[in-house]
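J.: Please find one structure pasted underneath; my questions will follow.
The values are calculated or read from the model by the stated rules, or taken from the named source; none is laboratory data. Just so it is clear, the model here is predicted, and its values are computed rather than measured. Here the Cβ positions follow ideal geometry from the backbone for every residue, glycine too, while neighbour counts run over all protein chains shown.
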Amino acid sequence: MRFWAMVARESDGGVVLAREEVGDDFLGPGTVTIKVHYSSANFKDGLAITPGGGVVREYPIIPGIDITGEVVSSEDPGFAPGDPVIAHGYDIGVSHNGGFAEYARVPADWVVKLDGLTMREAAAIGTAGFTAALSVQELLDRGLTPGSGPVLVTGATGGVGTVAVDILAGLGFEVVASTGKTDAGELLSTLGAKSVIGRLPEDPEAKIRPLGKATWAGAVDSVGGKSLAYVLSTIAYGGAAAISGLTGGAALPTTVMPFILRGVALLGVDSAHYPIARRRTLWSRLGKDLKPQHLSALENQSPITEAESILNSIRSGHHSGRTILTVAGEF
Ligand SMILES: NC(=O)c1ccc[n+]([C@@H]2O[C@H](COP(=O)([O-])OP(=O)(O)OC[C@H]3O[C@@H](n4cnc5c(N)ncnc54)[C@H](OP(=O)(O)O)[C@@H]3O)[C@@H](O)[C@H]2O)c1
């Protein structure tokens, strides 16, 4: 079989992403073969085409950490031709060829059958939206309810941020969206944010005090760094922050004070190796009680051949929401 793919190759110290016709050897090991309808643009895909990005071990690779499409063949009885599915995480798009291609092959225990979501909706949610749902689930499991008080979402216009705002508002939480984009108020209000504030701390040079004014019942944070240190110092007694990212930095210059004096919990969120049984359950909830209500407002759509320019806008921090990359019929 020969098919079209966007292949990332190292060249002159850089990484070039180009359209290529490839053969079966690019399908990789696995038991489920998927005709890809959509992939999407994630922060990690941007790293995959960044020299020294730290996520791809070996080039060439077909990037695309999200694969959404229909099963064409399966050696596993759990899947049949025509099943609409999503596969993301594990090694996909970083050390196992991913979704930027007409076909993908993965192990059956990486695959989720869609329930209550179209392929397009699942692609709009993708890894970033799944991470948002995982963050919300962590806060709910911790006992947070809409009556607990306001919930902060940082990096609010990002993939994780927009879907988190949408899900939390849909559940009835008072959501405060923190963003560095001055023109994002309308989008974030449409998604259900009660108020929109700038990045935190307001003064980026300010020294973070061990404890600040207790403000948030909870937080969904994909920014990390000094911003997260500030957020932790302003979480109210018994609150929690579900954290997943590092767009603002990997260091966390905090103290033990929020934890030992206010009982604040730091809830780590990892979507990549989240166990498959729980992954399938959470995707099923994404089609039901956690379904984002405003996907059409937060999604953009581009042909897969424009992946590089979309990923460049993610890398430069100018991207908003989620971009679906249409694969079927676009090569
Ligand atoms: N743990 C996991 O399983 C998991 C899964 C998915 C993503 N992630 C991580 O989560 C983070 C966000 O991913 P994403 O897909 O949402 O990325 P994204 O769509 O690129 O959004 C990131 C957002 O972070 C904010 N931001 C960018 N640069 C910043 C800076 N220097 N300081 C503060 N805020 C900044 C921006 O929001 P505003 O302009 O609105 O402030 C931007 O839109 C990434 O670090 C990614 O690797 C982790």
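J.: Exactly one of (1) within 14 Å of the ligand (Cβ to nearest atom); (2) within 21 Å of the chain's Cα centre (by Cα) is unmet by PRO204. Its number?
T.: Exception for PRO204: condition (2).
Quick grid of which residues meet (1) among the hydroxyl-bearing types (Ser, Thr, Tyr); (2) under 24 Å from GLY321 (Cα atoms); (3) more than 16 Å from the ligand (Cβ to nearest atom):
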{"site": "HIS37", "(1), (2), (3)": "no, yes, yes"}
{"site": "GLY53", "(1), (2), (3)": "no, yes, no"}
{"site": "ILE61", "(1), (2), (3)": "no, no, yes"}
{"site": "ILE67", "(1), (2), (3)": "no, yes, no"}
{"site": "VAL72", "(1), (2), (3)": "no, no, yes"}
{"site": "PHE79", "(1), (2), (3)": "no, no, yes"}
{"site": "ASP83", "(1), (2), (3)": "no, no, yes"}
{"site": "GLY98", "(1), (2), (3)": "no, yes, no"}
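J.: Residues that are surrounded by fewer than 23 Cβ atoms within 10 Å (Cβ to Cβ), without any contact (Cβ under 8 Å) to a residue 12 or more places away in the chain and within 11 Å of the ligand (Cβ to nearest atom): find the helices (runs of 4 or more DSSP H) completely inside the stretch 234-331 holding 1 or more of those. Even if it seems obvious, please write down each step before you answer.
T.: Details: elements: 257-262, 276-286, 295-298, 307-315.
Result: 307-315.
J.: How many of the residues in the stretch 16-49 are part of a strand (DSSP E or B) and either modelled with pLDDT under 95 or out of contact with any helix residue (DSSP H, G or I) (no Cβ under 8 Å at 6 or more places or on another chain) (or both)?
T.: Initially, the stretch 16-49 is screened for residues part of a strand (DSSP E or B), giving 16-23, 32-41.
Now narrow it down to the ones that are either modelled with pLDDT under 95 or out of contact with any helix residue (DSSP H, G or I) (no Cβ under 8 Å at 6 or more places or on another chain) (or both): 16, 18, 20-23, 33-36.
Residues that pass the stated criteria total 10.
Yes/no matrix, rows are residues, columns are (1) surrounded by 17 or more Cβ atoms within 10 Å (Cβ to Cβ); (2) closer than 19 Å to THR305 by Cα:
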residue	(1), (2)
GLU10	no, yes
GLY13	no, no
LEU17	yes, yes
VAL32	yes, no
ASN42	yes, yes
GLY46	yes, yes
GLY53	no, no
ILE67	yes, yes
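J.: Another question, then. Might you check whether a residue that is aromatic (Phe, Trp, Tyr), touching a residue at least 40 places away in the same chain (Cβ under 8 Å) and in contact with a Phe, Trp or Tyr (Cβ under 6 Å, 6 or more places away or on another chain) occurs anywhere in the stretch 76-88? Write out each step before concluding.
T.: We begin by selecting, within the stretch 76-88, every residue aromatic (Phe, Trp, Tyr); these are 79.
So of that shortlist, the ones also touching a residue at least 40 places away in the same chain (Cβ under 8 Å) come out as 79.
Those left that are additionally in contact with a Phe, Trp or Tyr (Cβ under 6 Å, 6 or more places away or on another chain): none.
No; the residues of the stretch 76-88 include none that is aromatic (Phe, Trp, Tyr), touching a residue at least 40 places away in the same chain (Cβ under 8 Å) and in contact with a Phe, Trp or Tyr (Cβ under 6 Å, 6 or more places away or on another chain).
J.: Could I ask something else about it? Given the criterion without any contact (Cβ under 8 Å) to a residue 24 or more places away in the chain, under 30 Å from TYR237 (Cα atoms) and either surrounded by fewer than 21 Cβ atoms within 10 Å (Cβ to Cβ) or out of contact with any Cys (no Cβ under 7 Å at 6 or more places or on another chain) (or both), identify the matching residue among ASP166, ASP141.
T.: Of ASP166, ASP141, the one residue that is without any contact (Cβ under 8 Å) to a residue 24 or more places away in the chain, under 30 Å from TYR237 (Cα atoms) and either surrounded by fewer than 21 Cβ atoms within 10 Å (Cβ to Cβ) or out of contact with any Cys (no Cβ under 7 Å at 6 or more places or on another chain) (or both) is ASP141.
One line per residue, one yes/no per condition, for (1) near the ligand (Cβ under 9 Å from one of its atoms); (2) part of a loop (DSSP other than H, G, I, E, B):
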{"position": "GLY155", "(1), (2)": "yes, yes"}
{"position": "GLY161", "(1), (2)": "yes, no"}
{"position": "THR182", "(1), (2)": "no, yes"}
{"position": "LEU188", "(1), (2)": "yes, no"}
{"position": "VAL196", "(1), (2)": "no, no"}
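J.: For the stretch 269-282, which positions are over 23 Å from SER95 (Cβ atoms) and touching a Phe, Trp or Tyr at 6+ places or on another chain (Cβ under 8 Å)?
T.: LEU282
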